[in-house]
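Trainee: Right, I'll just put the structure down here and ask away after.
Every number in this text was worked out from the coordinates using simple rules, so none of it is lab data. What you are looking at is a predicted structure, and each value in this text was computed from that prediction instead of being measured. When we count neighbours, we look across all protein chains shown, and the Cβ atoms used for this are built from the backbone with ideal geometry, even at glycine.
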Amino acid sequence: MTISEERQAPGRHRADRVAEPSEPTLTPSSHNNGLLEVFRRRYLLRLLVRSTVQARYQGTVLGWIWSYVQPGVRFCMYYFVFQILIGRGGTEVYPFAIHLICGMVLVHFFTETFNGGTRSLVSNRSLIVKLPVPRELFPVATMLVAFWHTMPMVVITLGASLILGWTPSLVGIAAGMLGLAIIGVLGLALSLLFSVANVFFRDFSKVTQTLTQFTTFSVPMIYPYSLVEDRFSRIPWVADVYLLNPVAEAVLLMQRCFWVPLTRDPEAALVEQMPADLVSRGLVMLALSLVGLALAQVWFSKLERRVPERL
Amino acid sequence: MSTVIRAESVTKAFTMQYHRSLKQIALAKMRGMKTHDRFNAVDEVSFTVQQGESVGLMGLNGSGKSTLLKLVSGVMQPDSGQLLTRGRVAGLIATGAGFQPEVSGRDNLWLNAAILGMSEAETRRKMEEILDFADLGKFIDTPVVYYSSGMKARLGFAVAINVEADIFIADEALAVGDRPFKRKCKERMREIRENGTTIFFVSHSPGAVKQMCDRVLVLEKGKLGFDGDVEDGISYLHYDEGEDGDDDEGLGSDD
């Protein structure tokens, strides 16, 4: 019986097990398998995510409906202010509301993962200092909870797009999923990096808060990507640098999914409003984010052993 | 008989940080004061525990008992040396840690069981026993935030004490709850012991240790000062002098 089987069913047949020659061997009491350990204990992860989600709307009458009401109202407000009042976007960025919400979805997912993930170790202090749970569990759970709360916004985007006459395309949907995947992996990598740093210096949660404030403006959401290209047409590398931001890349992918097909001339929008090789750029970004996640895990494992005493 | 815990010159050092902010550190450096210090909370401790043994861990406050327990349970890793265990380590440690106040008692039981390492099937199998043990009646389906402290403690205990462990560790006075609940806890502990589970028990109460354990380890400033017979260990600590009849750590005097 291996250790992992043993964990599944300890003591079940204590009497016969003593006689068995192949009982579990002596192993170091603390495990350090990183994210693999989180995957192995996915049942705990599921319960943790579920109870966190439940806790958010506990005591409310409308319950989960709130997760649709809030982003829905925000979307209507933005739509009214930017599209009707200011007339932002005009014909060029039409329909601006969809352009905007594509950005909002991913910015929300990213900031919630990054902010919450950074604080996750400190806020679960009582558990971490007393019970042997894989510490990566908490940033991962934060990312999944953020994803859960992002889904209603995706549904609203989908609904609004369908009303405006959106027809799905395979490339578009793939692009949208790629965008979500980039944010998930990147957000988790940054959470691992910052959560453990935040244990040693609580300054890091402030750093995260400061950084995430830039997110809204560093992505093409309240302005179109073409604006960056136009304004800096003399210094072309500005747009190149701009596109190095994985969040901006992900937002563009999301817009490729919902917004581009809804523009007056999707063919032209693809050329004028989107960078060339959007999807392959996205794939590279995802690969880089995965590399970042691996590096973050190495860093996390290195510092993790000092976490219980510094919390 | 097989070895279930083996500690080989286990050492755990802690860094004491006297100052946190840049300003404080700069001032301390200017004045030539130390900004941090290191000390060994657990210092070159070696011992082995055989299956079925019931070991009491004693020592004054700050002698490193809790740190050693955390090394055994796997919360901390030794800086040097090795600490090996066999099978699942669980027990009465941090009962109730990780409760989500807004979620019902029942959901918290499931979550807590998972935190303690129980699988879904195992929890399902044990759920009735746990609910029965907690004996919270209708309150089991209300959010934990409305629980009294005693109810919360019972909930935590009910899960922790019903986890099937190969090494059962207890780091808490068993004096939670009212008298009937205390008696139930004691009863259950006795069952665990009679099942042949290895017990690692931290206590200040000589009475409880005498009743529960057949061997005592005494820690002194992180070092293992004594390892052997219960009576000798208690007199080594001078805990047998003076009156100790009134210590009520639940397991001891109260029978």
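Trainee: Please list, in order along the stretch A:192-207, the HN-Hα scalar couplings obtained from phi with the Karplus expression 6.51 cos²θ - 1.76 cosθ + 1.60 (θ = phi - 60°), rounded to whole Hz, x for Gly and Pro.
Mentor: Result, ordered by residue: 4, 4, 7, 5, 6, 5, 5, 5, 7, 9, 5, 4, 5, 5, 6, 4 Hz.
Trainee: If the limit is 25 Å between Cα atoms, which of B:Lys29/B:Lys70; B:Lys23/B:Lys65; B:Lys184/B:Lys223; B:Lys70/B:Lys223; A:Lys130/B:Lys186; A:Lys302/B:Lys29 go over it?
Mentor: With Cα atoms farther than 25 Å apart: B:Lys29/B:Lys70; B:Lys23/B:Lys65; B:Lys184/B:Lys223; A:Lys302/B:Lys29.
Trainee: Between beta-carbons, use under 15 Å as the cut-off and find the net charge around A:Ala276, counting Lys and Arg +1, Asp and Glu -1.
Mentor: The answer is -4.
Trainee: Could you estimate the translational diffusion coefficient of the stretch B:155-214 from the Stokes-Einstein equation, with Rh from the Kirkwood formula over C-alpha pairs, at 37 °C and 0.692 mPa s, in whole µm²/s? Could the numbers behind the result be given before it?
Mentor: On the way: Rh = 12.0 Å.
Stokes-Einstein gives a translational diffusion coefficient of 274 µm²/s.
Trainee: A follow-up question, please. Compute log10 of I(q)/I(0) for the stretch A:134-182 with the Debye formula, placing one identical point scatterer on every Cα and leaving out solvent, at q = 0.22, 0.23, 0.25 Å⁻¹, to two decimals.
Mentor: -0.88, -0.92, -1.00
Trainee: Along the charge dipole of the stretch A:23-125, pointing to its positive end and built from +1/-1 on Cβ of Lys, Arg, Asp and Glu, which listed residue (A:Gln54, A:Ile101, A:Gly117) has its Cα farthest out?
Mentor: A:Gln54
Trainee: So, one more: Counting only residues 5 or more places away or on other chains, whose amide H sits under 5 Å from the amide H of B:Ile5 once H atoms are built in the peptide plane?
Mentor: Those qualifying (amide H under 5 Å, at least 5 residues apart or on another chain) are B:Val49.
Trainee: Okay, next question. About the Cα centre of the protein assembly as shown, how large is the charge dipole given +1 on each Lys and Arg Cβ and -1 on each Asp and Glu Cβ? Please answer in debye to the nearest 20. Let's see the in-between values first.
Mentor: Details: 58 positive and 59 negative charges, 360 e Å.
Dipole of the protein assembly as shown, to the nearest 20 debye: 1720 debye.
Trainee: What are the ³J(HN,Hα) values, in whole Hz, obtained from phi via the Karplus relation 6.51 cos²θ - 1.76 cosθ + 1.60 with θ = phi - 60°, for each residue of the stretch A:143-152 in sequence order, with x given for Gly and Pro?
Mentor: Per residue, the Karplus-derived 3J(HN,Hα) values read 4, 5, 5, 4, 4, 4, 7, 7, 3, x Hz.
Trainee: Moving on to the next point. How high is the FRET efficiency from A:Ala174 to A:Gln58, r the C-beta distance, R0 45 Å, rounded to 0.05? Numbers along the way, then the final one.
Mentor: Numbers: r = 37 Å, r/R0 = 0.82.
It comes out at approximately 0.75.
Trainee: Still on this structure, please answer the following. Quick check: pseudo-label points 7 Å beyond the Cα along Cα→Cβ at A:Arg40 and B:Glu191, how many nm apart are they?
Mentor: Once both label points are built, they end up 3.0 nm from each other.
Trainee: Ratio to report: Rg/Rh of the stretch B:46-114, with Cα atoms as the point set and Rh obtained by the Kirkwood method; give two decimals. Don't jump to the answer; show the numbers that get you there.
Mentor: On the way: Rg = 15.3 Å, Rh = 14.7 Å.
Answer for the stretch B:46-114: 1.04.
Trainee: Which translational diffusion coefficient, to the nearest whole µm²/s, is obtained for the stretch A:257-310 from the Stokes-Einstein equation, given a Kirkwood hydrodynamic radius over C-alpha pairs, 25 °C and 0.890 mPa s?
Mentor: The estimated diffusion coefficient comes to 170 µm²/s.
Trainee: Moving on to the next point. Suppose each label sits 7 Å from its Cα in the direction of the beta carbon; what would the A:Ile86-B:Glu129 distance come out to in nanometres?
Mentor: 6.4 nm
Trainee: With the calculation restricted to Cα positions, what are the radius of gyration and Dmax of the stretch A:157-311 in angstrom?
Mentor: For the stretch A:157-311, the Cα-based Rg and Dmax read 18.3, 60 Å.
Trainee: Shifting gears a bit: As a test of the formula, what do you get for chain A when each DSSP H run with n ≥ 4 contributes -39,500 (n - 2.57) and the sum is divided by the residue count, at 222 nm and rounded to the nearest 500 deg cm²/dmol?
Mentor: It lands at -22500 deg cm²/dmol.
Trainee: Could you tell me the convex hull volume per residue, in Å³, taken over the Cα atoms of the stretch A:186-263? Working shown, then result.
Mentor: Details: hull volume 8.3 nm³, N = 78.
Looking at the stretch A:186-263, the number lands at 107 Å³ per residue.
Trainee: Note down the magnitude of the dipole of the stretch A:198-293 about its Cα centre, charges +1 on Lys and Arg C-beta and -1 on Asp and Glu C-beta and zero elsewhere, to the nearest 20 debye.
Mentor: Its charge dipole is roughly 360 debye.
Trainee: From zero outward in steps of 10 Å, how is the percent of C-alpha pairs of the protein assembly as shown spread across the bins?
Mentor: P(r) for the protein assembly as shown, in whole percents per bin: 3, 15, 22, 21, 16, 11, 7, 3, 1, 0.
Trainee: Using unit Cβ charges (K, R positive; D, E negative) and no other charged atoms, how large, in debye to the nearest 20, is the dipole of chain B about its Cα centre?
Mentor: Magnitude of the dipole: close to 1400 debye.
Trainee: Something else: Binning at 5 Å from 0, report for the stretch B:124-226 what percent of all alpha-carbon pair distances ends up in each bin.
Mentor: 2, 10, 21, 21, 18, 12, 9, 4, 3, 1
Trainee: May I ask you to evaluate 6.51 cos²θ - 1.76 cosθ + 1.60, the Karplus curve with θ = phi - 60°, for each residue of the stretch A:165-176 and list the ³J(HN,Hα) values in order in whole Hz, giving x for glycine and proline?
Mentor: x, 6, 10, x, 10, 4, 4, x, 5, 4, 5, x
Trainee: Another one. Evaluate the Kirkwood expression for the hydrodynamic radius of the stretch B:1-116, namely the inverse of the mean inverse distance over all pairs of different C-alpha atoms, and round to one decimal in Å.
Mentor: Evaluated over the stretch B:1-116, this radius sits at 17.3 Å.
Trainee: So which lysines can B:Lys138 reach, going by Cα to Cα under 17 Å and dropping same-chain residues fewer than 8 places off?
Mentor: B:Lys152
Trainee: So how many Å³ per residue does the convex hull of the Cα atoms of chain B work out to?
Mentor: Cα-based convex hull of chain B, divided per residue, equals 163 Å³.
Trainee: Among B:Leu57, A:Leu162, A:Leu45, rank each residue by its count of other Cβ atoms within 10 Å, from fewest to most, as a rough exposure measure.
Mentor: Details: B:Leu57 26, A:Leu162 12, A:Leu45 20.
Ordered by Cβ neighbours within 10 Å, fewest first: A:Leu162, A:Leu45, B:Leu57.
Trainee: Mind pulling up the Rg/Rh value for the stretch A:57-143? Radius of gyration and Kirkwood radius, both on Cα.
Mentor: Here Rg/Rh amounts to 1.17.
Trainee: Please compute the net charge surrounding B:Thr48, taking Lys and Arg as +1 and Asp and Glu as -1 over other residues with Cβ under 13 Å from its Cβ.
Mentor: Here the count lands on 0.
Trainee: If you bin every alpha carbon distance in chain A into 10 Å steps from zero, what whole percent lands in each bin?
Mentor: Distribution as computed: 6, 23, 29, 21, 12, 5, 2, 1 percent.
Trainee: For the pair B:Ile25/B:Ser235, report the inter-label distance in nm, with labels modelled 7 Å from Cα in the Cβ direction.
Mentor: With each label point 7 Å from Cα toward Cβ, the separation is 5.3 nm.
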